[in-house]
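Some notes on the structure that comes next.
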Amino acid sequence: MRLVVRDVSVFHKNRLGIAHANFEANEGEIVGFIGADGAGKSSLIHAIAGVIACKGEIVFDNHTYRSCKEAEPLKARIGLMPQGIGLVLYDMLTVSEHLRFFADIHDLVQNEAFETYKTRLLQMAGLEKFQDRQAGKLSGGMMQKLSLICTLLHRPKLLLLDEPTTGVDPLSRIELWEILEEIRRSEGTICLISTAYMQEAAKMDKILLFDEQKIIAQGTSEALLQTVESLCYDPGTPCVEPCIKTLQTLYTLTPLASKSTQTPTLEALFFVNALKNDKTMPPIVLSDKEKSDFDGDVLMDAKGLTKRFGTFVANDNVDITLKKGEILGLLGANGAGKTTFIKMLLGLYPIDGGELRLLGKTIQTPQDRQALKASIGYVSQHFALYNDMSVQENLLYFASMRGLPSETAKERIKRYAQELGFENYLNALPPELPLGINQRFSLASALLHEPVILFLDEPTSGVDAIARAQFWELLKCLKEKWKIAILITTHYMSEAEFCDRVVLMRQGAKIADDTIEGFYAKHPQAHTFEEIFLEYFR
Amino acid sequence: MKLSVVKAYVLKELSEIVRSRLIIMVYLMPTMVLVLFGYGIRMEVTGARTLIIDYDQSHYSRLLIEKFAHSKYFTVQKELRLESEALDAIHRAQSDVVIIIPESFEKRLLHGQKIQIGVFVDTAFPMRGSTIESYVKGVVLNAASAIQERMLDRDAHTIAINQRTLFNQAMRDEDAIVPGLIGLVLLIAPAILAALLIVKEKEKGTIFNFYASALSKAEFIAAKLIPVFFLHSINIFILFLWATYWFDVPFRGSFWLYWIASELYLVISLSIGMLISIVTRTQIVAVVLTVIVTIIPGFLYSGILMPISSMVGFSRYEAHIFPVMYYNHILYDVFLVGEGLASAKTQLYLFILAFYGLFLMGLGSLILKKELR
């Protein structure tokens, strides 16, 4: 059994989904799709699953198809788990009802062999104890495991998983991979898995890298890394253009004479690809801020902050302090309470317990907050920009909302546009912008009033590797030049390394709080932050 | 079509409807609409506040006033006032009618001379105004013939009206409105539920279970529509009980005809819901669109407010396009007339309903796509 994808292009109405994709997969192989949001992974997965029509041809099990109708006879042998946590589950049905429902709609014979297989799946997913629980009441990780075993129930020979691990806690992520590993070995299933996490590439037999609706490279992880090995150098190395410098690495197209201590990651392929296509992003320079500093060292001090929604405790006695000129990373899985915490700091949710001091003042009334609004900047998870107003208009609006005189506002917008490199996009509408530019201009809108504290809620999720690297450079610049304090949440473990201090959260509670060096000192056997993170979840 | 697959889906839908408490809406909404509208719509006018100014103060003028006082359609307020004061009362919405009996009313009558009575009616609501106006005319005519009889001896041969009403003898509003409301409710409620069930899966993302599995389009449609069909079939009986026991609407036709026509009508409503769910993506849009598509024609062309036969031009064609008219004809027949299948028109309309249902269902399954868009 083989899957061959030949010159496949997918269009959503007039928008290109993926262009000219070619690859092959053999029985029992795990093929990984890696790339940022909107790079074309989902489009290709949907075409292979036969839920959207495509150009070109897909051959699976000697059957060729390009439209949904042609794919129909194969659907009993294909399993698709689309993107989104618990997307295919019905909140009101219990775990065992789901299994029965999925077995029934695939018209499976429910004999003893089926029961044995079902029990095995339930055990693998660790759900046998929760069979009577409704899906809406499962955690994100459990939902994903349930979705996976529901997809596996009819023993598909081709398994398509669209970002099954995004936003899932690290332990569940490992368990998901264990289930996959076992299934592909015992059933010989071809697995196509998309992910935004480069680290998961190690578990895949073959990797396809996606960027801007194209597959830019494919092969085994080792082979791909080999192609860029000689192109990665330490950030300090002198280099002639073209090259891209990030906080950790310098990428170039021509091998340099100096020695490199870098072990390249797959991210390097995206940088090299950008260099090859001459798509470097405009560099960032930041001038000094106009306002004077806040004097005092501790900018934010939360003691025992608690937030309840009914009987559910979203934040339980969380103590966090944030010092001047510090980047504090708030890490945890979806639903760990990161966003709730930031919303309490901002006053978007009332505080149910504990004490909050911002810039040395205790916050009790909304008036206290009002006085401090001018010192706080915030970028939300989904950039809160108005899509029908141009970038310039958006920024002017935010400035006037902050009570900035329009002369100052115009002058600052002009300066930020130059410094953050979105000058050419000032008259464009936000949906037309690349995600990375959108992110910069969201940040600019939060910086217009020159805050001393910046709260960033998952500003980098879904953004491509290059834009992410540059975003972190900008944050570092802000920290050094403006002495600004930054609280940032992220679910990319690799980004933790850029923070000065990291707080780990789990189920609403703080489980660890230390500097990066401190974490590595406590866990000397760990190589990456991901491994440290896992220690706390076991 | 594999029945076991459909059964699994239907069971899932039913347990979701029950667990999400949607079931309450399924049974509460039709009843609520029937009760609220059944009491809320009133066509006839009783107890119009009437101000009578009697400048004559004679025997005959009092006889005329008595006629008004004895009618259930009028409540006589005060009998002596200035004319300008009386008109002021209409302006301040304290009276609906002002009747002015001139001086020498009796004298002129006895001399066989022409007399004019002044009548002022508040016609801010034209329908109510014209109803009151015709009542006033009736009472005055009635009084006139009584007076004439008295003057010309007992056996005067004047024209007397001997009227009999048919089908709604008591001329009760309930009898006229409640059957029409059943036609409205059974168009809206099943359509909303059917639209919700499909769009809900689109909005949540569970529609992928249909797209990516071997489930056929027919199986999916059957799975979605069968639960709605059965749940609302019960409403056919519930609404019948409300109409006959609560609102005391007579039922003169065949119950079988009522039942079968209602089930056919239900299929039409379901198909409308299905068509809407194909073009919408979110539940809220689906509900709003269903309400617009069903309530407006349901009300306008049901014959509740206006008989279809009195419509002209475009509105008449429109009325024939929507299914409400055909079903309501059968409804009024089974409740008030009782002619049943003996009427060729009823036979034709039943056939049209069946055809309508099949057509919409076919159209829906044709344009429902098993693919992402």
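Of the beta bridges in chain B, as assigned by DSSP with both residues counted there, near 35 percent are antiparallel. Relative to the longest principal axis of the Cα atoms of chain A, the long axis of helix A:391-401 makes an angle of roughly 50 degrees.
Placing unit charges on each Cβ (+1 for Lys and Arg, -1 for Asp and Glu) gives the protein assembly as shown a dipole about its Cα centre, and among A:250, A:401, A:310 the Cα reaching farthest toward its positive end belongs to A:310. The local environment of residue B:281, defined by Cβ-Cβ distances under 15 Å, has a net charge of +3 under the rule Lys, Arg +1 and Asp, Glu -1. Ellipsoid fit via the Cα gyration tensor, the stretch B:48-151: semi-axes of 23, 15, 11 Å, each the root of five times an eigenvalue, largest first.
Place +1 on the Cβ of every Lys and Arg and -1 on the Cβ of every Asp and Glu in the stretch B:48-151, take the dipole about the Cα centre, and give the residue among B:120, B:109, B:139 whose Cα lies farthest towards its positive end. Final value for the positive-end residue is B:139.
Would you mind telling me the share, in percent, of accessible area of the protein assembly as shown contributed by carbon and sulfur at probe 1.4 angstrom? Exposed carbon and sulfur together represent 57 percent of the surface. Scanning the protein assembly as shown for cysteines with no neighbouring cysteine C-beta under 4.7 angstrom from their C-beta gives A:54, A:68, A:150, A:191, A:232, A:477, A:499. Rounded to the nearest 20, the Cβ-based charge dipole of the protein assembly as shown about its Cα centre (Lys and Arg +1, Asp and Glu -1) stands at 1220 debye.
Say a paramagnetic label sat at a point 7 Å from the Cα of residue A:477, along Cα to Cβ; which residues of the stretch A:437-457 have their backbone N under 17 Å from it? So the set is A:437-451.
In terms of the mean number of neighbouring beta-carbon atoms within 10 Å, the peptides B:137-149, B:221-233 order highest first as B:221-233, B:137-149. Near residue A:50, once Lys and Arg are set to +1 and Asp and Glu to -1 for all other residues with Cβ below 15 Å from its Cβ, the sum equals +4.
For the peptide B:138-144, the mean number of other protein chain Cβ atoms found within 10 angstrom of a residue's Cβ is 0. Size descriptor for the stretch A:223-291, Kirkwood hydrodynamic radius: 12.9 Å (Cα pairs only, one decimal). Rolling a 1.4 Å probe over the protein heavy atoms leaves residue B:316 with an accessible area of roughly 100 Å².
Using a 1.4 angstrom probe on protein heavy atoms only, the contact between A and B buries about 2400 square angstrom of accessible area, both sides summed.
Average accessible surface for chain A: 42 Å² per residue, computed with a 1.4 Å probe over protein heavy atoms with every protein chain in place. Between residue B:91 and residue A:500, the modelled label-to-label distance comes to 8.0 nm, taking each label 7 Å out from Cα in the direction of the beta carbon.
On the basis of the beta-carbon distance and an R0 of 45 Å, residue B:124 and residue B:365 show a calculated FRET efficiency of 0.35. If both residues of a DSSP beta bridge must be in the stretch B:48-151, then about 35% of such bridges are antiparallel. The Rg/Rh ratio for the stretch A:2-219 is 0.95, where Rg is the radius of gyration of the alpha carbons and Rh is the Kirkwood radius. Placing pseudo-labels 7 Å out from each Cα toward the beta carbon at residue A:357 and residue B:344 gives an inter-label distance of 9.5 nm.
Label separation (residue A:309 vs residue B:316): 5.9 nm, computed from points 7 Å beyond Cα along the C-beta direction. Bridges between two residues of the stretch A:455-538, per DSSP, are antiparallel at a rate of about 65%. At a Förster radius of 51 Å, what calculated FRET efficiency corresponds to the Cβ-Cβ distance of residue A:91 and residue A:286, to the nearest 0.05? Calculated value: 0.65. The shape of chain A can be summarised by an equivalent ellipsoid whose semi-axes, obtained from the alpha carbon gyration tensor, come to 41, 30, 22 Å from longest to shortest. Residues of the stretch B:171-195 with amide nitrogen under 19 Å from the 7 Å Cα-to-Cβ point of residue B:263? The answer is B:183, B:186-187, B:190-191. Peptide A:86-95 has a mean shielding of 5, counted as Cβ atoms of other protein chains within 10 Å of each residue's Cβ. Kirkwood hydrodynamic radius computed over the protein assembly as shown comes to 33.8 Å, based on all pairs of distinct alpha carbons. Full extension of the segment from residue A:199 to residue A:182, taken as 0.36 nm per residue of separation minus the current Cα-Cα distance, would add 4.1 nm. Answer with one residue from B:363, B:35, B:323: the one whose Cα lies farthest towards the positive end of the charge dipole of chain B, charges on Cβ with Lys, Arg +1 and Asp, Glu -1. In chain B, that residue is B:363.
Taking the C-alpha atoms only, the angle from helix B:22-40 to the longest principal axis of chain B is near 10 degrees. Relative to the longest principal axis of the Cα atoms of chain A, the long axis of helix A:112-125 lies at roughly 20 degrees. Measuring max minus min along each principal axis, the C-alpha atoms of chain B give extents of 95, 46, 39 Å (largest first). Here the stretch A:173-245 is treated with +1 on each Lys and Arg Cβ and -1 on each Asp and Glu Cβ, and its dipole about the Cα centre works out to around 100 debye.
Local charge for residue A:495 was computed over the other residues whose Cβ lies under 13 Å away, with Lys and Arg +1 and Asp and Glu -1, and equals -4. Charged side chains reduced to their Cβ positions (Lys and Arg at +1, Asp and Glu at -1) give chain A a dipole of some 720 debye around its Cα centre. Just to be sure I follow the definition: excluding the sites themselves, where is the longest run in chain A that has none of the GluC sites (Glu not before Pro) in a DSSP loop with at most 14 other Cβ atoms within 10 Å? In chain A, the maximal stretch lacking such sites is A:28-289.
The values are calculated or read from the model by the stated rules, or taken from the named source; none is laboratory data. Remember, it's a predicted structure, so these values are computed and weren't measured experimentally. Heads up, the Cβs are rebuilt from the backbone with ideal geometry, glycines too, and the neighbour counts pull from every protein chain shown. SASA here: full protein model, heavy atoms, side chains in, ligands and nucleic acids out. Shrake-Rupley method; radii C 1.70, N 1.55, O 1.52, S 1.80 Å.
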